[in-house]
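Below you'll find the structure, written out as structure tokens, and then a few comments.
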Amino acid sequence: MAKLNFGGVEENVVTREEFPLNKAQEVLKDEIVAVIGYGVQGPGQALNQKDNGINVIVGQRKKSKSWDKAVADGFVPGETLFEIEEALEKGTIICYLLSDAAQIEYWPKVKQNLTPGKALYFSHGFGITFNERTGIVPPADVDVFLVAPKGSGTSLRRMFLQDRGLNSSFAVYQDATGKARDRVTALGIAIGSGYLFETDFKKEVYSDLAGERGTLMGAVQGIFAAQYDVLRKNGHSPSEAFNETVEELTQSLMPLVAENGMDWMYANCSTTAQRGALDWWKRFRDATSPLFEELYENVAKGNEAQRSIDSNSKPDYREKLEVELTELRESEMWKAGKTVRSLRPENN
């Protein structure tokens, strides 16, 4: 494992150079990796493993859209695609990729199939960290670990097909066999990670819940909406407001940040833009810091976890979700965005 310096702090990192795919294949050669769930993370992780020569099967409910998607993706019913309970029986490594709410529902079936020596794999620390709320307490004679890609399953698959890699965190919660570290590292490489950085279950879920509600999704939508509304109230057209709020950021500036960092992006913008950004970024930091402190405190107390469990377990969850997503979709800002995206040259 390589030790790398991150801003003055040394951390352990696994790279493809030290743990190449052929090593991962050797570690997993006698395993049957059962991917349970084919929704958000399942397709990307299962397909990447399949393409990387891992013996992977999928467990999914029959007569569901996800079952049909798995078939369309090349998984064969009765050979590599099974009902959840049968896949649980066959798998030696159980990749538990159902939603957090569904993990609670299916846990009794999963637990009864965790025979000694098997491994339980997560891509989120939620179920284990908040086990007093979820009831997910694995038996002591199985390995328990996670690999958490830092992005959606769609991104994981897309970057794999581009011969790139999404970075992932990994953690070992329980090493019953003495092989947990090799197993989790091999799986991290097999699903297409660019590199793996070490964490633990609690830190993974705390950072993940804070990040999703913060800069990754919640905060960025809030900031987009606030700036767009101010521009519109001051007479700017929808296209101008959207372009200055979203399109320029996502299509021009964020790729520059991704290439070489924020300072490099600043250096490659106009001097007027540089001056304004340098004058205002600390004011935005100071204005939002109390909100981020409140958010993290709610995550640490388990309030966000409980709200997710309570909301996502309701039978009408998907109907209510669609109402909220429709509100976003039908807002002027994102309707304007749909038109702007259609005008990109690559879409014509």
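The values are calculated or read from the model by the stated rules, or taken from the named source; none is laboratory data. Fair warning: this is a prediction, and the values are worked out from it, not measured in the lab. A quick note on method: Cβ atoms are made from the backbone with ideal geometry, for glycine too, and the neighbour counts reach across all protein chains shown. Each accessible area value is taken on the protein alone, full model and side chains, heavy atoms only, with ligands, DNA and RNA left out. Shrake-Rupley method; radii C 1.70, N 1.55, O 1.52, S 1.80 Å.
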Nearest 0.05, what FRET efficiency do residue 76 and residue 111 give at R0 = 25 Å with Cβ-Cβ as r? 0.35
Accessible area (Å², 1.4 Å probe, nearest 10) - residue 179: 110
Starting from the eigenvalues of the Cα gyration tensor, five times each then square-rooted, give me the equivalent ellipsoid semi-axes of the chain, largest first, whole Å. 37, 24, 22
Hey, with R₀ at 30 Å, roughly what FRET efficiency would residue 212 and residue 277 work out to, going by the Cβ-Cβ distance, to 0.05? 0.75
Could you work out how far the C-alpha centroid of region 40-102 sits from that of region 272-348, in angstrom? 30
In Å², rounded to a whole number, the accessible area per residue of the chain with probe 1.4 Å is 54
Can you tell me the 0 to 90 degree angle between the C-alpha axis of helix 303-312 and the longest principal axis of the chain, rounded to 10? 80
Packing rank of 183-190, 272-279, 118-125, 330-337, where each peptide gets the mean count of other beta carbons within 10 Å, highest leading: 183-190, 118-125, 330-337, 272-279
Relative contact order in percent for region 2-198 (Cα pairs under 8 Å, 6+ apart) equals 25
Two-site label geometry, residue 320 and residue 254: point separation in nm, points 7 Å out along Cα→Cβ: 2.8
So what is the relative contact order for the chain, in percent, with contacts set as C-alpha pairs under 8 Å and at least six apart? 15
Ordering of 151-164, 134-147 by burial proxy (mean other Cβ atoms within 10 Å per residue, highest first): 134-147, 151-164
With everything on Cα atoms, drop me the angle between helix 271-301 and the longest principal axis of the chain, reported from 0 to 90° to the nearest 10. 40
Which percent of the accessible heavy-atom area of the chain goes to carbon and sulfur, probe 1.4 angstrom? 52
Residues other than residue 169 with Cβ under 10 Å of its Cβ, Lys/Arg counted +1 and Asp/Glu -1, net out at -2
How big is the Rg/Rh ratio for region 2-198, C-alpha atoms only, Rh by Kirkwood, two decimals? 0.95
Sequence ranges 205-211, 192-198, ranked by mean other-Cβ count within 10 angstrom, highest first: 192-198, 205-211
With Rh as the Kirkwood radius over Cα pairs, region 193-348 has Rg/Rh of 1.00
With a 1.4 Å probe and all protein chains kept in place, how much accessible area does residue 317 have, in Å² rounded to the nearest 10? 60
Hey, got a sec? Which GluC sites (Glu not before Pro) in region 46-148 land in a DSSP loop and have at most 15 other Cβ atoms within 10 Å? 79, 83
If the cut-off is a Cα-Cα distance under 16 Å, which aspartates and glutamates reach residue 50, setting aside same-chain residues fewer than 8 apart in sequence? 26, 30, 31, 73, 79, 163
Report the normalised scattering of region 225-275 as log10 I(q)/I(0) at q = 0.17, 0.33 Å⁻¹, calculated by the Debye formula with identical scatterers on the alpha carbons. -0.60, -1.08
What is the angle, in °, between the Cα long axis of helix 42-51 and the longest principal axis of the Cα atoms in the chain? Nearest 10 is fine, range 0 to 90. 60
Would you mind telling me the antiparallel percentage of the DSSP bridges in the chain, rounded to 5? 40
Taking Cα pairs closer than 8 Å and at least 6 residues apart, the relative contact order of region 211-347 in percent is 28
